Amino acid sequence: MIYSSSLILSPDGVVRWDPERAVSVRFVVPTTRDLKTGKEIKMPTNLINDAISNIPLEFDNLAGNKVVPPTGGNSVVTSSDTAVCTVAMGADGTSVDVTPVNLTTGGAVLNYTDTTPGSTLSAPALDVQFTADTAAASVHWVTTGITTRPI
């Protein structure tokens, strides 16, 4: 069989459509849209600089519906600046782990490509920006600082 996008050419020469075949992949991140036009505004995705962020990937068929990822492929994920962050495929195989380097702030562009026999899927580049994490995440007692005073 010869594969092209979501069309399959069978050995008998008949072209068939496979609705379950992924033809695109994208990072699943929040988007910002213009209030008047509804068009997406390209903005960096903000990540905190003291935690590993896991960004899911979604694979879509020709109709834009979510489908299972292709199997038997070679997935490659890269960062444009390894001094800012490193990237690796998540343990589930359908997400990307992004690790900031040395609590740095700054930005990088992430790229993902999946190559299977007969097709190559590339997610649109994802611009990420690391910011200092200044939000309180927990509270604890400081018992070494206990003082007393008369009643």
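Side notes on the structure shown:
- Evaluated with a Cβ-only charge set (Lys, Arg +1; Asp, Glu -1), the chain carries a dipole of roughly 400 debye about its Cα centre, given to the nearest 20.
- Sum of side-chain charges, residue 108 neighbourhood, beta-carbon under 10 Å (Lys, Arg +1; Asp, Glu -1): -2
- 3J(HN,Hα) along the stretch 43-48: 9, x, 8, 7, 10, 7 Hz, from the Karplus curve 6.51 cos²θ - 1.76 cosθ + 1.60 with θ = phi - 60°, whole Hz, x for Gly and Pro.
- Net +/- balance of residues flanking residue 58 in space, Cβ distance below 15 Å, scoring K and R +1, D and E -1: -1
- Identified option (computed Rg and Dmax of the Cα atoms in Å; candidates [x] 22.2, 96; [y] 14.4, 48; [z] 17.1, 59): [x]
- DSSP finds beta bridges in the chain, and of those with both partners inside it, around 90 percent are antiparallel.
- Longest segment of the chain lacking trypsin sites (Lys or Arg not before Pro) that sit in a DSSP loop with at most 12 other Cβ atoms within 10 Å: 43-151
- Normalised contact order of the chain, rounded percent, pairs of Cα under 8 Å and 6 or more residues apart: 23
- Where labels lie 7 Å past Cα in the beta-carbon direction, separation of residue 94 and residue 131 in nm: 3.0
All of the numbers you see were taken from the coordinates with simple rules; none came from a lab. Because the structure is predicted, anything quoted here is derived from the model rather than measured. As a convention, Cβ positions derive from the backbone with ideal geometry for all residues, glycine included, and neighbour counts pool all protein chains shown.
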